[in-house]
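What follows draws every value from the coordinates through simple rules; no lab data is involved. Keep in mind that this is a model prediction, so the values were computed, not measured. As a convention, Cβ positions derive from the backbone with ideal geometry for all residues, glycine included, and neighbour counts pool all protein chains shown.
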Amino acid sequence: MKTISILIPTYNEENNVLPLYDALQEQLAALKERYNYEILFIDNKSQDSTREKIKLLCARDRHVKAIFNSRNFGAEKSGFYGAMQTTGDCTIGMHADFQTPPELLPRMIAAWEQGNKIVFAAKDAGSEASAAHFLRKLYYKSLRKLSNNEVVDHFTGFALYDRSVLEEGRKWDDAEPMIRTMASEVGFDRCIIPYTQQERRSGTGSGNFFSAYDLAMSGIVNYTKAGSRLATLFGALVSAASAVSALVWLILKLINWEKYPAGLALLAMGVFFFGGVQLMFLGLLGEYVINIQRRTMKRPLVVEECRLNFEDDAEEYQKAHPKARMR
């Protein structure tokens, strides 16, 4: 009998963990005749009662496993690391806030059984404001044009990955892994299931402009050569244009000196323009340097504080908390 692994990264999801478990049980109930399952929570040092809720689930259900990180290592690293710890024939990565609907699981599993090694779930246009959707679409389109990978639009990591896909991921020695781009890079047969992202059921998302920017820049730096190539090309074009402009200006000055005076305003505009261009590309170069630094330091993806239900942790917890009950 095949095993389905469900991976759920968490951070301050105390009001979502138990309802999500119940919702998953409803979907898994129709599949229990054909599949075993495991649910793996990997928690990034939540500051609320999320971990207590997960411990209760582990004590109640041996199919529930947990990894508690020693601090918040970020959603990307934590999610990739968690996927590498699953043991199922396929792994479904999803969010804990109900924005990725559990109702899609049967469709994703059916698509996997049809031979797809990766089943992407991609947000449709109705999932966010039109301006945000346009910017996201523009980013993915640009990334797809500038790289050799078939990047999936509006893909947030909610997907089913066959074991063979994750085995390829385990071979990578990547200090800054992104499972959503790795899934596009490894190849294999895949399909896309669109869905409408729901409102977060409870709590506040940890994402912000800076995390989105970091994720976007990581995609550009890690999977395209566009940054350095663009800097080289733009620098060559600006240099050529500057040389031509200087030559034309010199000729005009020689023809009619009085008509074409050398103005300080024009000089200042040129200095500020080229200074801005240089700073922009120095910043882009810095992104590549940061990327190189992270990879050469060889730090672990996450540091675990403890695990539950990978061996006999649930029984030990139940003995230590004999009055523990699900609420």
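Observations
- Built amide H within the under 5 Å cut-off of V64, gap 5+: I39
- Residue order for E311, E185, E76, fewest other beta carbons within 10 angstrom first, comes to E311, E185, E76.
- With the simple spin-label model, which puts each label point 7 Å out from Cα in the Cβ direction, the T87 to A30 separation comes to 2.8 nm.
- Remark: for residue pairs K55/K117; K77/K123; K45/K123; K32/K55; K45/K117; K65/K171, the C-alpha separation exceeds 26 Å in K55/K117; K45/K123; K45/K117.
- Sites E113 and A241, calculated FRET efficiency, Cβ-Cβ separation with R0 51 Å, nearest 0.05: 0.30
- Dimensions in Å of the range 42-81 - Rg and Dmax from alpha carbons: 10.6, 29
- In this rough spin-label picture, where each label sits 7 Å from Cα along the Cβ direction, the E304-T3 distance is 1.4 nm.
- As a rough footprinting exposure proxy, the listed residues F68, F310 were ranked by other beta carbons within 10 Å of their own, and the order from fewest upward is F310, F68.
- Karplus-derived 3J(HN,Hα), 6.51/-1.76/1.60, for each residue of the range 155-170, Hz, glycine and proline x: 9, 10, x, 6, 6, 9, 10, 5, 4, 5, 5, 5, 4, 5, x, 5
- Ranking of V302, V289 by count of other Cβ atoms within 10 Å, fewest first: V289, V302
- 3J(HN,Hα) from dihedral phi, the range 2-11, Karplus parametrisation 6.51/-1.76/1.60, rounded to Hz, x for glycine, proline: 6, 10, 9, 9, 10, 9, 9, x, 9, 7
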